[in-house]
Amino acid sequence: MSRSPRQIHLAAHFPGVNSTTVWTDPASGSQIDFAAFEYFARTAERGLFDYVFLAEGLRLREHKGRVHELDVLGRPNTLAVLAALTAVTDHVGLVGTLSTTFNEPYELARQLASLDHLSGGRAGWNAVTSSDAFHGANFRRGGFLAHADRYERAKEFAALSKKLWDSWDEGEALPRRIRHSGPQFDVDARFDVPRSPQGRPVIVQAGDSADGRDFGAEHAEVIFSLHQDFDAARVFYDDVKGRLAAWGREEDSLKILPGATFVIGDTAAEAHERSREIALQQVRPEQALTYLEQVWGRDLSGYDPDGPLPDVEPDTGAETARGWANRHAAVQARIASLRELSEAEGLSVRELVIRLTAKHTFVGTPEFIAGEIDRYVQERATDGFTVVGHLTPHGLDEFATRVVPLLQERGSYRDSYDEGATLRDLLGLPAAVPAGAAVAQ
């Protein structure tokens, strides 16, 4: 007797700053105009995706003391965009990236619970710790939090948020009072947003360090990983899922959806040629040198992007002064690994950066891509993928039209949304059960 195939989960990433999106392509739209977000979300809904996933940037990136001219400039507030998307979509989940370092638990929990009400139970929170002092300069807190401190704050932030969301019991007219006193937060509050359709918004997380994996195992319900290679993906999957039992959680209480890029062709040869052309768009010569300058911490403009890697030592003085402890040793190790890869494969500067940042996950015919996605899920290397197109907002069009129907034919992808399904339902996550009186301190 054959068993039903495991179901594939897909998220759609509307990117911000990265080298995946080719903002200079004439076909690219705006990163500000709401019409771009609306088109993207509607396409994700046409493809029956679980959710749309927005990145967040709290400061324009700078390079050599100036705004990074190669980046997209200007990004609207994530929660404002998601709130607007509730009015033009009906089923797809809405997940935003929001920092635990530069927000306060009560206010952010309140905004996310409100979004869950507005959307009918489709809200999610990608909890990030914001890794550097560069962002901190925009905030009252300012400066720098060490890696371990950021995760301590994140854990307490998530635990307190859950207490606040759980403080309204089913059928109760008033919330319980939450008194929380911890190393990071002192809060004495009655939460002013009644229990939302999902009880709690779905928590997404992307950390890959040991601290990040522990945080994910304790609090996350989806992990957006960077492990795209099959073997690496399966090792990560087994590691993180193996940590769940320590928190009393089952395997299906956490979904792992690595980021994945794709290039589709009518033949394999056509797809690989398109992949090469897109990679050259994604990493122009000046972008390749800028990438290395951010590693080396010094001006490399005199080097040939089509030549070998720079033979000079890095400058880590300025970065160390901004709070990157042990920066020098980490940079030296990073450069040594880049030189080893470059020499082993005979890569120029630009070819190396393409190899690192523009290697596409799935390249081939729609049939090949659908088969590979299904293989990853059936063989438990992932629960699905967070799909990232190279164009915004049209990057999902071809995937939704040509790949999704093939996944449906395999029986491993939904044919429709269930009416009234929450994001938690779409992901196949267990219901969020209030912790009850035990959460009050």
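Computed quantities for the displayed model
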| quantity | calculated |
| --- | --- |
| Residues that are closer than 16 Å to I335 by Cβ and among the aliphatic types (A, V, I, L, M), drawn from segment 281-310 | A288, L289, L292, V295, L300, L309 |
| Segment 238-272, residues that are within 16 Å of the chain's Cα centre (by Cα) and either within 18 Å of D374 (Cβ to Cβ) or not hydrophobic (A, V, I, L, M, F, W, C) (or both) | K255, I256, L257, P258, G259, A260, T261 |
| Checklist (1) within 30 Å of E398 (Cα to Cα); (2) loosely packed, with under 14 Cβ neighbours inside 10 Å; (3) assigned by the TED database to the domain that holds H13 applied to D239, failing item | (1) |
| Test: residue in segment 64-76 that is open to solvent by 20 Å² or more (accessible area, probe 1.4 Å), farther than 25 Å from R274 by Cβ and not in a loop (DSSP other than H, G, I, E, B) | yes |
| Considering residues of segment 153-173 that are small (G, A, S) and more than 25 Å from the chain's Cα centre (by Cα) only, the residue surrounded by the most Cβ atoms within 10 Å (Cβ to Cβ) | S167 |
| Segment 69-88, residues that are touching a residue at least 40 places away in the same chain (Cβ under 8 Å) and within 21 Å of G199 (Cα to Cα) | L82, L85 |
| Sole exception among (1) closer than 16 Å to L257 by Cα; (2) in contact with a Pro (Cβ under 7 Å, 6 or more places away or on another chain); (3) small (G, A, S) for G411, by number | (1) |
| Subset tally (residues that are farther than 25 Å from G120 by Cα and either assigned to a strand (DSSP E or B) or touching a Lys or Arg at 6+ places or on another chain (Cβ under 8 Å) (or both)) for segment 190-210 | 1 |
| Subset tally (residues that are surrounded by fewer than 14 Cβ atoms within 10 Å (Cβ to Cβ) and either in contact with a Cys (Cβ under 6 Å, 6 or more places away or on another chain) or not in a helix (DSSP H, G or I) (or both)) for segment 33-58 | 1 |
| Flag for P5 being crowded, with 18+ Cβ neighbours inside 10 Å, out of contact with any Leu (no Cβ under 6 Å at 6 or more places or on another chain) and either in contact (Cβ under 8 Å) with a residue 60 or more places away in the chain or among the aromatic types (F, W, Y) (or both) | no |
| Selection within segment 13-67 - over 18 Å from the mean Cα position of the chain (by Cα), under 21 Å from T422 (Cα atoms) and of a type in the set (D, E) | E38, E45 |
| Residue, modelled with the lowest pLDDT, within segment 276-288, restricted to residues that are open to solvent by 20 Å² or more (accessible area, probe 1.4 Å) and over 12 Å from V22 (Cβ atoms) | E286 |
| Residues of segment 359-413 that turn out to be under 16 Å from A271 (Cβ atoms), of a type in the set (F, W, Y) and in contact with a helix residue (DSSP H, G or I) (Cβ under 6 Å, 6 or more places away or on another chain), as a count | 1 |
| Yes/no for V240 being within 28 Å of D50 (Cα to Cα), outside any loop (DSSP other than H, G, I, E, B) and in contact with a strand residue (DSSP E or B) (Cβ under 9 Å, 6 or more places away or on another chain) | yes |
| Number of the condition not met by A27 [criteria: (1) farther than 24 Å from K359 by Cα; (2) open to solvent by 40 Å² or more (accessible area, probe 1.4 Å)] | (1) |
| Hey, L406 touching an Asp or Glu at 6+ places or on another chain (Cβ under 7 Å), surrounded by 15 or more Cβ atoms within 10 Å (Cβ to Cβ), assigned by the TED database to the domain that holds T97 and modelled with pLDDT under 95 or not | no |
| Residue count, segment 174-192 (criterion: closer than 17 Å to L112 by Cβ and open to solvent by 50 Å² or more (accessible area, probe 1.4 Å)) | 1 |
| Subset of segment 153-187 [in a helix (DSSP H, G or I) and touching a helix residue (DSSP H, G or I) at 6+ places or on another chain (Cβ under 9 Å)] | A154, K155, E156, F157, A158, A159, L160, S161, K162, K163, L164, W165 |
| G16, sole failed condition from (1) small (G, A, S); (2) open to solvent by 10 Å² or more (accessible area, probe 1.4 Å); (3) within 16 Å of G259 (Cα to Cα); (4) at pLDDT below 75 | (2) |
| Cβ-Cβ under 9 Å pairs, at least 6 apart or on other chains, segment 8-19 side under 20 Å from R42 (Cα atoms), far side of a type in the set (S, T, N, Q) and part of a strand (DSSP E or B) | L10/T386; A11/T386; A12/T386; H13/T386; G16/T97 |
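The values are calculated or read from the model by the stated rules, or taken from the named source; none is laboratory data. Remember, predicted model here, so these are calculated numbers, not experimental data. Every residue, glycine among them, receives a Cβ derived from its backbone with ideal geometry; neighbour counts consider all protein chains shown. Only protein heavy atoms, including side chains, enter the accessible area calculation; ligands, DNA and RNA are left aside. Shrake-Rupley method; radii C 1.70, N 1.55, O 1.52, S 1.80 Å.
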